[in-house]
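Encoded as structure tokens, the structure appears first; notes follow it.
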Amino acid sequence: MITFSNLMIYISAYIGLFAITFYFLSFLSRKEKSPEEFKEIELPKVSIIIPAWNEEKGIAGTISSAIALDYPKDKLEIIVIDDGSKDNTYNIAKEFEKKSRQVRVYRNEKNLGKGASMNRGIQMSKAEVIVTMDADNIIVKGDILKKMVSNFKDSRVMCVAPTTAIYKPKGILQRIQQVEYLLGTFLRKAFSSMDAIHITSGAFSVYRKSFFDKYGLFDTTAITEDMEMALRIQYHNYHITNDLRAIAYTIAPNKFIPLLKQRRRWYTGLLKCLLKYKTLFSRKYGSMGVIVIPIALITVLISVIITSYMFIDSFFNLKKQLLLLNSVNFDFSNIFEFNKYAIERIFFTLISSPVTYFFIVFVTVLIFYMIFAKKYVKEHSSVRLSLPLFIIFYAFLFAFWWLISIFYTLFNRKVSWR
């Protein structure tokens, strides 16, 4: 007899295998070639907008990496908007302004939010291209910008998303995120090949300024303004592409509560943005509307159900087993015997469950994704320790983040930035 948990696992495995196969074949059949770079005289003027709020620890590294970009100095300006910081962010940024003509620093008298700060920077810019750069980003390769703007040779492209990675991961949570970001490297490129990118990162995404002029600035009411902008671009039938040559590093949260708040904001914001652009769920928007976004939401729902069910079911099964052992006068004081029994039960469960074989397929695919991503993210730290941590903990973290986010969305709870 098929149990509820096995039924859900079979369904998720079927959907997962379908998605993996579809994305892989789409990537192979529509593999995009990197465009040739503009000649130096052809390069457009660019404004890098860096909104910052209480970022004294990372702002210097971010501005330094922006200044170090291999791009004509007379065609590149860096606009830092201090969003009413209470720490030393503004003063640190002003020091760069004194040393470089490229840097301009402004300050909001009070905290207005990231979207409002970026909008202020865009309104001050006279460039053709806008780059949004979070204050915790580090750019390693100096020619990243030249490569990214070359994608604008295609007049349909309104945004170029970079490949994002974790900067020098340390500790369990950052290492789990390291694998998550590397996994996203393949998926983002596969979505790009289908014209189905529906999320752009604040970490060095590049936009045509003409899109803002025609369709408006960032939505200051959205808690994930970059996601809203990505969906807006797709809604108006323009393209978002991903450039694997462009690597943008981000400093990831390394503690549980800051990471939870980040994911709560991301996921709640995504749900609200999808509700706003629910018309994207149609054949008019191709693979994105009928496969990519629906599968993503179904996967989230199933993951939450399975993980929650298995956690509760495991608790009651453990209680049942302990009561059974107690009824037959099992010697709990004998640790060796108890461990032997536990190992035997775990081994029998593993070899008799079809979930084990789905798990092997999942790990195999995950390793393939890692090999693909490491080909491009060469400066990245080793994943030998990160991969096992991801396999053990990520499903539970993912389900927990989404449970919290769904609760906040359903009950319209306010989501703070931090």
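The values are calculated or read from the model by the stated rules, or taken from the named source; none is laboratory data. Computed from a predicted structure; not experimentally measured. In this analysis, Cβ positions are derived from the backbone assuming ideal geometry, glycine residues included, and neighbour counts consider all displayed protein chains. Note: accessible area is taken over every heavy atom of the protein model, side chains too, but ligands, DNA and RNA are not part of it. Shrake-Rupley method; radii C 1.70, N 1.55, O 1.52, S 1.80 Å.
Considering only the stretch 231-253, how many residues are closer than 27 Å to Asp70 by Cα and not aromatic (Phe, Trp, Tyr)?
Residues in the stretch 231-253 being closer than 27 Å to Asp70 by Cα and not aromatic (Phe, Trp, Tyr): 13 in total.
For Ala93, indicate whether it is surrounded by 21 or more Cβ atoms within 10 Å (Cβ to Cβ), of a type in the set (A, V, I, L, M), in contact with an Asp or Glu (Cβ under 9 Å, 6 or more places away or on another chain) and in a helix (DSSP H, G or I).
Here the answer is yes, as Ala93 does meet what is asked.
Is it the case, given these coordinates, that Thr241 is buried (at least 17 other Cβ atoms within 10 Å of the Cβ) and polar (S, T, N, Q)?
yes
So Lys57 fits all but one of (1) surrounded by 20 or more Cβ atoms within 10 Å (Cβ to Cβ); (2) part of a loop (DSSP other than H, G, I, E, B); (3) under 23 Å from the mean Cα position of the chain (by Cα); what number is the exception?
(1)
Of the residues that make up the stretch 211-218, is at least one open to solvent by 70 Å² or more (accessible area, probe 1.4 Å) and at negative phi?
There is at least one residue in the stretch 211-218 that is open to solvent by 70 Å² or more (accessible area, probe 1.4 Å) and at negative phi.
Scan the stretch 8-39 for residues that are farther than 30 Å from Tyr309 by Cα, out of contact with any Lys or Arg (no Cβ under 9 Å at 6 or more places or on another chain) and modelled with pLDDT of 75 or more and jot them down.
Phe24, Leu25, Ser26, Lys39
Confirm whether Ser85 is assigned to a helix (DSSP H, G or I), buried (at least 19 other Cβ atoms within 10 Å of the Cβ) and touching a Phe, Trp or Tyr at 6+ places or on another chain (Cβ under 9 Å).
Against the criterion (assigned to a helix (DSSP H, G or I), buried (at least 19 other Cβ atoms within 10 Å of the Cβ) and touching a Phe, Trp or Tyr at 6+ places or on another chain (Cβ under 9 Å)), Ser85 does not qualify.
Go through (1) in contact with a Pro (Cβ under 7 Å, 6 or more places away or on another chain); (2) open to solvent by 40 Å² or more (accessible area, probe 1.4 Å); (3) closer than 25 Å to Lys73 by Cα one by one and return the number of the condition Ser117 breaks.
Of (1) in contact with a Pro (Cβ under 7 Å, 6 or more places away or on another chain); (2) open to solvent by 40 Å² or more (accessible area, probe 1.4 Å); (3) closer than 25 Å to Lys73 by Cα, only one is false for Ser117: (2).
Quick one: in the stretch 264-285, of everything that is closer than 23 Å to Gln234 by Cβ and charged (D, E, K, R), which residue is most open to solvent (accessible area, probe 1.4 Å)?
Within the stretch 264-285, the match that is most open to solvent (accessible area, probe 1.4 Å) is Arg283.
Cβ-Cβ under 8 Å, sequence separation 6+ or interchain: first residue in the stretch 48-66 and within 18 Å of Arg120 (Cβ to Cβ), partner among the aromatic types (Phe, Trp, Tyr) and open to solvent by 10 Å² or more (accessible area, probe 1.4 Å). Which pairs?
Trp53/Trp417; Ile63/Phe96
Which numbered condition trips up Arg104, out of (1) open to solvent by 60 Å² or more (accessible area, probe 1.4 Å); (2) within 30 Å of Leu187 (Cα to Cα); (3) touching a strand residue (DSSP E or B) at 6+ places or on another chain (Cβ under 9 Å); (4) not in a loop (DSSP other than H, G, I, E, B)?
So the condition that Arg104 fails would be (2).
Scan the stretch 262-294 for residues that are in contact with a Leu (Cβ under 9 Å, 6 or more places away or on another chain) and free of Cβ contacts under 8 Å to residues at least 40 places away in the same chain and report the count.
2
Evaluate the following for Glu40: is it more than 14 Å from Asp143 (Cα to Cα) and in contact (Cβ under 8 Å) with a residue 12 or more places away in the chain?
No.
Just for the stretch 181-203: of the residues that are in contact with a helix residue (DSSP H, G or I) (Cβ under 7 Å, 6 or more places away or on another chain) and aromatic (Phe, Trp, Tyr), which one is most open to solvent (accessible area, probe 1.4 Å)?
Filtering the stretch 181-203 for residues that are in contact with a helix residue (DSSP H, G or I) (Cβ under 7 Å, 6 or more places away or on another chain) and aromatic (Phe, Trp, Tyr), the one most open to solvent (accessible area, probe 1.4 Å) comes out as Phe191.
Conditions tested, residue by residue: (1) of a type in the set (Asp, Glu); (2) farther than 30 Å from Cys273 by Cα; (3) at pLDDT 75 or above; (4) within 19 Å of the chain's Cα centre (by Cα).
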position: Phe315; (1), (2), (3), (4): no, yes, no, no
position: Ile343; (1), (2), (3), (4): no, yes, no, no
position: Leu350; (1), (2), (3), (4): no, yes, no, no
position: Thr364; (1), (2), (3), (4): no, yes, yes, no
position: Tyr369; (1), (2), (3), (4): no, no, yes, yes
position: Phe372; (1), (2), (3), (4): no, yes, yes, yes
position: Arg384; (1), (2), (3), (4): no, yes, yes, no
position: Ile391; (1), (2), (3), (4): no, no, yes, yes
position: Ala399; (1), (2), (3), (4): no, no, yes, yes
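Take the residues in the stretch 241-286 that are among the hydroxyl-bearing types (Ser, Thr, Tyr) and more than 14 Å from the chain's Cα centre (by Cα), then tell me which one is nearest to Arg175 (Cα to Cα).
Thr241
Kindly provide the set of residues from the stretch 251-261 that are open to solvent by 20 Å² or more (accessible area, probe 1.4 Å) and either among the charged types (D, E, K, R) or touching a residue at least 24 places away in the same chain (Cβ under 8 Å) (or both), ordered by number.
Correct list: Ile251, Pro253, Asn254, Lys255, Phe256, Pro258, Leu260, Lys261.
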